[in-house]
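Report on one structure; see the data block that follows.
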Amino acid sequence: MEKAHSRDLLPVTTACSYGTRSRSSSWRNLAFYVLLIAVGWALSQPASLELSSLHRVARTAASDLDLLVSDYLPLSAAQKHRVPKCPAQPAALAPAIDWRPDLNDTWLSESAARLGAAVQIPTISYDGMGEPGEDTRFQVFATFHEHLASTYPLIHERSELRKINTWGLLYKVAGTDASLKPSLLAAHQDVVPVPDETLDQWEHPPFSGYYDEQKGLVWGRGSSDDKGMLVAVMEAAEYLLAEGWAPKRTLYILSGFDEEVGGGRGAMEIGRVLLEELGEDSIEFILDEGGLGIGQEHGVDVAMPAVGEKGYLDVKMDVRAPGGHSSMPPDHTAIGIMSKLVEALEAKPHEAKLTPQSPVLTHLICVADAIDAGHAASRPTRKQQEGFQLTKKMRKYLRNPRRWPSVAMTIDATGTRVERFIIKTSQAVDVIGGGAKANALPEYVSALVNQRIIEGTEEIMQRMERVLRPVAKRFGLKVDAFGKGSSLQDGAQQTGVGASGSLTLSVVESSEPTPASPTNTSAFATLAGTIKHVFPGENGRERLVTPVIMTGNTDSRHLLKLTRNIWKFNPNTYSSKSAKHTVNENMGIRSHAETARFIHALLRNFD
Ligand SMILES: [Zn+2]
């Protein structure tokens, strides 16, 4: 766990035990004491205390008082209206035919072999790949397509398959009722590379697809991200067709080939084709990878599909400074200045936020409601539940809009990384380069800052500029922030960098956060009912289906116009260490079977 930013915490006001005393007299007493404390504190300060400090003290006291009032007075209608409600929790929805591959040992080992075979084909996405029809590194996708065709003959016989931009796959199983909007399942074919230096850390080689029957694990790159999902989709569709399923609703299966490098040639192109053919809002729902899976949160059984994803912003910082012999350097070289810029950014991490638009607030309210209604398993102890503790006070604060900043700061200070970064923009300086020689002053230094954003890109760019400009000014650099012209700053003499030094900020890649898919639709209810059927809670408890967001990005962000209902959900146990993108990636075969069962049930329930 990272160090808590305790300085960010609001002054914590203690709860008072007013019992049955009349509210208004309690209020007057409380107001009196708070003001008394504030005045006492102000008087205890040195005599030189400035007027502005007094002003600040008064303001802080007033806002603390305001918060206390809001803790004990009923919320106004407008405030109540802002508090999101947990989505309606429908009853478990059993499909007409309930397939149980998870109970079939033969199926488990056969499907493990089919997943293993898919993993053995190294469909790797590299940065800087050439055109799909030209770069020979794409050829391996042909082998992968052959594997799919020979492994899933019914799908290939009964569907129309189009290959878009050479390697993108779009299967269409035509439905019998053209008035129903089609369903769309998405899962990508490509995987991230395996660095040579990590090969010896793999328990089984990354492209072996080795099945450890004892442990029930299929090993290898892509077993979890995202060939597990793709194979589960194919297994479910193949089984449905074998059952004689003739869908009323058309089914599309979309498989991109460059999700790991942005999806611009795969999913984006396929999405364009579908949009042209079908038009906007033409699909009933899209199910893609992601979410936080199936698990227990604060003692409550939950399933956490993601209904939105954070945006993305890569910003390049370039510092240019005059070169020269390093025997007579300025006080700070371009590398020194860059380090100050990086330091300034890291000193100001983004703020955690809970807003009514944030699915995470809805998720937390669902869990809080369940705890307060006595639906949690025995309360987990501090040791069992790492990270943020959903205490009585926090549960109360969640229902009070004025306390949301306080909850957000507590999560930021005490939460796990997942808990923190689903409510705040991340910031990581991931690449740096500069300097050429031991005896030459560096003339050019650049750094790349990666941010996964919950605010809009414009807001983040302005914020970066606000943080970095004062540093640039200190070193006399001209600033060109995002192409908005340049201005000469003071202070050039101080460091000797001179007027020719500059800081340039430019966007390398960006995308806005996606809008959150609604959770009050009948489509979401069908999803939730299916999840509750396939993944019932433990010991007869209810499994709550609660929305979250993705910290990473998926192919489905290229499909936004096709439907409002986009769910990112790998229904795996989210505590399991599937090691996506790292060494020893694996897939539990039972979890894989449950995914196939879930997709089968979902398609039947939507038909
Ligand atoms: Zn993926």
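The values are calculated or read from the model by the stated rules, or taken from the named source; none is laboratory data. Quantities reported herein were computed from a predicted structural model and do not represent experimental measurements. Here the Cβ positions follow ideal geometry from the backbone for every residue, glycine too, while neighbour counts run over all protein chains shown. Note: areas computed on protein heavy atoms with side chains; ligands, DNA, RNA excluded. Shrake-Rupley method; radii C 1.70, N 1.55, O 1.52, S 1.80 Å.
To keep it simple, each residue is scored yes or no on (1) modelled with pLDDT under 95; (2) more than 23 Å from LYS310 (Cα to Cα); (3) open to solvent by 10 Å² or more (accessible area, probe 1.4 Å); (4) basic (Lys, Arg).
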position: SER224; (1), (2), (3), (4): yes, no, no, no
position: LEU230; (1), (2), (3), (4): no, yes, no, no
position: MET234; (1), (2), (3), (4): no, yes, no, no
position: ALA237; (1), (2), (3), (4): no, yes, no, no
position: THR250; (1), (2), (3), (4): no, yes, yes, no
position: SER255; (1), (2), (3), (4): no, no, no, no
position: GLY264; (1), (2), (3), (4): yes, no, yes, no
position: ARG272; (1), (2), (3), (4): no, no, yes, yes
position: SER282; (1), (2), (3), (4): no, yes, yes, no
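For every residue, the table says whether it meets (1) within 16 Å of the ligand (Cβ to nearest atom); (2) touching a strand residue (DSSP E or B) at 6+ places or on another chain (Cβ under 6 Å); (3) among the polar types (S, T, N, Q).
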{"site": "LYS248", "(1), (2), (3)": "no, no, no"}
{"site": "LEU251", "(1), (2), (3)": "no, yes, no"}
{"site": "GLY264", "(1), (2), (3)": "yes, no, no"}
{"site": "ALA267", "(1), (2), (3)": "yes, no, no"}
{"site": "LEU275", "(1), (2), (3)": "no, no, no"}
{"site": "GLY308", "(1), (2), (3)": "no, yes, no"}
{"site": "MET317", "(1), (2), (3)": "no, yes, no"}
{"site": "HIS325", "(1), (2), (3)": "no, no, no"}
{"site": "LEU345", "(1), (2), (3)": "no, no, no"}
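Do any strands (runs of 3 or more DSSP E) lying entirely in segment 164-228 carry at least 1 residues that are closer than 18 Å to VAL119 by Cβ and within 28 Å of the chain's Cα centre (by Cα), and which ones are they?
Output list reads 168-173, 217-219.
Give SER150, SER179, SER183 a once-over and let me know the one that is more than 15 Å from ASP607 (Cβ to Cβ) and of a type in the set (S, T, N, Q).
Result: SER150 is the single residue among SER150, SER179, SER183 that is more than 15 Å from ASP607 (Cβ to Cβ) and of a type in the set (S, T, N, Q).
Have a look at ILE411, ILE432, ILE365, ILE335 and point out the one that is touching a Phe, Trp or Tyr at 6+ places or on another chain (Cβ under 9 Å), at pLDDT 95 or above and of a type outside the set (Ser, Thr, Tyr).
ILE411
Do we have any residue at all in segment 76-96 that's among the aliphatic types (A, V, I, L, M), in contact (Cβ under 8 Å) with a residue 60 or more places away in the chain and closer than 30 Å to ARG403 by Cα?
Yes: one or more hits.
Working carefully through the options GLY262, GLY308, GLY293, GLY299, find the one that is in contact with an Asp or Glu (Cβ under 9 Å, 6 or more places away or on another chain) and in contact (Cβ under 8 Å) with a residue 40 or more places away in the chain.
Of GLY262, GLY308, GLY293, GLY299, the one residue that is in contact with an Asp or Glu (Cβ under 9 Å, 6 or more places away or on another chain) and in contact (Cβ under 8 Å) with a residue 40 or more places away in the chain is GLY262.
So which of ILE411, ILE432, ILE423 is closer than 25 Å to TYR72 by Cα and either in contact with a helix residue (DSSP H, G or I) (Cβ under 8 Å, 6 or more places away or on another chain) or of a type in the set (Asp, Glu) (or both)?
ILE411
Return the residues of segment 121-141 that are small (Gly, Ala, Ser) and open to solvent by less than 30 Å² (accessible area, probe 1.4 Å); say none if nothing qualifies. Break it down stepwise before answering.
The initial filter retains those residues of segment 121-141 that are small (Gly, Ala, Ser), namely 125, 128, 130, 133.
SER125, GLY130 - these are the residues of segment 121-141 that are small (Gly, Ala, Ser) and open to solvent by less than 30 Å² (accessible area, probe 1.4 Å).
Picking from HIS581, HIS600, HIS558, which residue would you name as being in a helix (DSSP H, G or I) and open to solvent by 30 Å² or more (accessible area, probe 1.4 Å)?
On inspection, the qualifying residue turns out to be HIS558.
Residue check: is GLU235 within 14 Å of the ligand (Cβ to nearest atom) and either part of a loop (DSSP other than H, G, I, E, B) or more than 23 Å from LEU180 (Cβ to Cβ) (or both)? So that I can check it myself, show each step before the final result.
Details: within 14 Å of the ligand (Cβ to nearest atom): no; either part of a loop (DSSP other than H, G, I, E, B) or more than 23 Å from LEU180 (Cβ to Cβ) (or both): yes.
The answer is no for GLU235.
State whether the residues of segment 535-548 include one that is open to solvent by less than 30 Å² (accessible area, probe 1.4 Å), outside any helix (DSSP H, G or I), touching a Gly at 6+ places or on another chain (Cβ under 6 Å) and within 16 Å of the ligand (Cβ to nearest atom).
No, segment 535-548 has no match at all.
Does ASN584 meet the test of being within 16 Å of the ligand (Cβ to nearest atom), touching a helix residue (DSSP H, G or I) at 6+ places or on another chain (Cβ under 9 Å) and at pLDDT below 95?
Working: within 16 Å of the ligand (Cβ to nearest atom): no; touching a helix residue (DSSP H, G or I) at 6+ places or on another chain (Cβ under 9 Å): yes; at pLDDT below 95: yes.
It is false that ASN584 is within 16 Å of the ligand (Cβ to nearest atom), touching a helix residue (DSSP H, G or I) at 6+ places or on another chain (Cβ under 9 Å) and at pLDDT below 95.
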